[in-house]
Amino acid sequence: MTYHTLLFLLVAVAAVAAVMARNLLLSALMLALVSVGASLILFDFQAPWAAVFELSVCAGLITVLFVSAVSLIRHEAGAAENRARFYAMPLVMGIVAIAAWFYAVPYFEALENWARLGARPVSLGTVIWNIRRFDLLGQVSMLAAGVFVVNSIFPRRKKQK
Amino acid sequence: MINSFSTDWYFITLIFFAGLYCMLVSRSLLRQFIGLEIMSKSCLLGVISVGAKTGSLALAQALIITMIVIEVVVVAAGLSLLVKNYRITNSTDIWSLDNLRG
């Protein structure tokens with residue numbers, strides 16, 4: 001079993017732990033572990049820029065957002081959940097894992113034969129600034145929309161009469 | 001370099017299913033977001049795996065950076081809606097959203 005597969009296994013185990021954790025804070029931290037594992041996989045794929053983004057934004061910023069949201073809500077305010085469904089998760093995951101091993105893996109192997117090489121290797125800068133320049137406009141407008149949403153949900157308090 | 005395409009996608013399937021299961025089973029809004037995050041993480045891994053397979057890693061990286069930025073906006077907006085909803089209904093149950101009136 002290679003390092004690469006072990007990283008994927010780490011991400012899968014952390015994902016199951018994030019779903020199964022009873023404590024929401026632990027769940028958020030496990031989600032951060034999923035992000036760290038994904039970023040290590042990106043490094044392994046020799047995609048360092050995406051890995052750095054993943055590590056800083058997903059493992060850092062999103063975890064902070066989740067932890068602050070958990071701290072703003074009380075634990076007992078959480079929904080009365082049926083824990084039996086969560087305890088059944090390893091069983092369901094095991095069934096899915098076995099079924100996927102027999103049905104999905106041959107499909108993925110067939111897909112692999114369909115893979116064709118891309119046109120030519122270009123640098124990340126060329127892709128971002130020249131080929132997919134329109135995406136940048138979308139990203140900036142999404143960021144502006146996010147700021148607008150947060151600003152409109154939590155308006156500045158006015159003096160009450 | 002890396003030739004375990006089908007193994008990668010096998011694990012990606014499992015990670016995606018874990019997120020989907022979380023979203024299906026849980027009634028807490030926060031857990032729903034965690035499930036969504038896990039699903040988006042598995043999609044990210046799928047994009048980079050295909051990018052490595054087809055030799056267009058730069059394009060895959062650009063797409064992933066776009067995806068991460070949008071993910072942050074979605075999480076920030078969603079969590080702020082969650083906190084606002086908690087202040088109004090005093091609950092994070094997803095069915096408490098049913099009480100809203102336009």
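Overview of values
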{"read-out": "Filter result (hydrophobic (A, V, I, L, M, F, W, C) and not in a helix (DSSP H, G or I)) within segment A:8-39", "value": "A:Ala21"}
{"read-out": "Residue list for segment A:40-55, restricted to those being over 10 Å from the mean Cα position of the chain (by Cα) and part of a helix (DSSP H, G or I)", "value": "A:Leu40, A:Ile41, A:Leu42, A:Phe43, A:Asp44, A:Pro48, A:Trp49, A:Ala50, A:Ala51, A:Val52, A:Phe53, A:Leu55"}
{"read-out": "Test: residue in segment A:18-38 that is facing chain B (nearest Cβ under 10 Å), among the hydroxyl-bearing types (Ser, Thr, Tyr), under 30 Å from B:Leu82 (Cβ atoms) and touching a residue at least 12 places away in the same chain (Cβ under 8 Å)", "value": "yes"}
{"read-out": "Qualifying residue in segment B:48-66 (condition: more than 7 Å from every other protein chain (Cβ to nearest Cβ) and closer than 19 Å to A:Leu31 by Cα)", "value": "no"}
{"read-out": "Unique residue being facing chain A (nearest Cβ under 7 Å) and under 24 Å from A:Trp101 (Cα atoms) when the list is B:Leu44, B:Leu30", "value": "B:Leu44"}
{"read-out": "Which listed residue, of B:Val73, B:Val69, is over 30 Å from A:Gly118 (Cα atoms) and either buried (at least 18 other Cβ atoms within 10 Å of the Cβ) or among the small types (Gly, Ala, Ser) (or both)", "value": "B:Val73"}
{"read-out": "When residues of segment A:103-128 are limited to those that are over 26 Å from B:Ile65 (Cβ atoms) and at the interface with another protein chain (Cβ under 7 Å from one of its Cβ atoms), the one surrounded by the most Cβ atoms within 10 Å (Cβ to Cβ)", "value": "A:Ala104"}
{"read-out": "Filter pass, A:Gly118 being among the small types (Gly, Ala, Ser) and either within 25 Å of the chain's Cα centre (by Cα) or at pLDDT 80 or above (or both)", "value": "no"}
{"read-out": "The listed residue being more than 24 Å from A:Pro48 (Cα to Cα), facing another protein chain (nearest Cβ under 7 Å) and either at pLDDT below 95 or buried (at least 18 other Cβ atoms within 10 Å of the Cβ) (or both), out of B:Ser80, B:Ser96", "value": "B:Ser80"}
{"read-out": "Residues (crowded, with 16+ Cβ neighbours inside 10 Å and in contact with a His (Cβ under 9 Å, 6 or more places away or on another chain)) located in segment A:20-72", "value": "A:Leu24, A:Ile41, A:Asp44, A:Phe45"}
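Yes/no per residue for (1) closer than 19 Å to A:Leu33 by Cβ; (2) among the hydrophobic types (A, V, I, L, M, F, W, C):
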position: B:Leu29; (1), (2): no, yes
position: B:Glu37; (1), (2): yes, no
position: B:Ser49; (1), (2): no, no
position: B:Thr54; (1), (2): no, no
position: B:Ala58; (1), (2): no, yes
position: B:Val72; (1), (2): yes, yes
position: B:Gly78; (1), (2): no, no
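The values are calculated or read from the model by the stated rules, or taken from the named source; none is laboratory data. Note that the structure is predicted; figures quoted are calculated from it, not measured. Methodologically, a virtual Cβ is constructed for each residue, glycine included, from the backbone with ideal geometry; neighbour enumeration extends over all protein chains shown.
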